Amino acid sequence: MFKRVLLKLSGEFLAGASGFGISPEEGSALARRIVTALEGTDVELAVVIGGGNLWRGARNGQGMDPATADYIGMLGTVMNAMALQDAMESAGRPTRVMTAIQMHAVAEPYVRRRAMRHLEKGRVVILGGGNGAPFFTTDTTSTLRALELGADVVLMAKNKVDGVYDSDPRKNPDAVLLRDLTHLEVVERRLEVMDATALTLCMDRGLPIVVFDLFQEGNLERLFRGERVGTLIQS
């Protein structure tokens, strides 16, 4: 059973049908799903949320300096973190937004020990601003923060994808769901779980990863209770 968990969310989870922007309705539904799953557990939860619903450097930043495009994307993750904080607190769960890019008027600066203290007090810590440097993905930020905060696992939330398959299930109807993998198997089979830097960090430090469908009813509750859901990747 996991005690401290890092949940990696896609920014698109906050978007409406258009896949762009922030939908208050989608944010509220996402927050209620997380808050409900936490009820009655002792799980300490940190969340890293992406910014793809607002900005994608590779697409939106064409013709820009790559570092500048990445910084804009990091600011987008802070906007998403603030929206998720508002929705979660409306659902009754105390939270703190912490960001690697200092902006004292809207969020606390990320300080490892302060973040751990918030977790110990039962607050959900939502981490924005990436890791403060360009050229790193949200996957890598999730792994770094999980290791820093002493998380037991990284939960990679997906939408309508219930784990890791041996091929793309959207293209291959015979694709097989893989319930158990090692980090090395993911590398050798070139399975698309997370970027190479993040996966290597998890492998080097023995950090487990669970890939699961967040929107399948009850999945997050089951994970917080220590049940098997989706694909488990471990050493």
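Throughout, read-outs are computed from the coordinates displayed, never taken from laboratory work. As the structure is a computational prediction, the values presented were derived from the model and not from experiment. So basically every Cβ, Gly included, is an ideal-geometry build from the backbone, and we count neighbours across all protein chains shown.
From the largest down, region 50-136 spans 45, 26, 21 angstrom on the principal axes of its Cα atoms. Note on region 207-234 and region 66-122: Cα centroid distance 24 Å, given to the nearest whole angstrom. Per the Cα gyration tensor, the chain maps to an equivalent ellipsoid with semi-axes of 25, 22, 18 Å, ordered largest to smallest. The packing ranking, built from the mean of other Cβ atoms within 10 Å per residue, places the peptides 225-232, 181-188, 156-163 in the order 156-163, 225-232, 181-188, highest first.
Pairs exceeding 21 Å between alpha-carbon atoms, taken from K3/K160; K8/K160; K121/K160: K3/K160; K121/K160. Only helical runs count toward this figure. For the chain, summing -39,500 (n - 2.57) over DSSP H runs of n ≥ 4 and dividing by all residues gives -11000 deg cm²/dmol at 222 nm.
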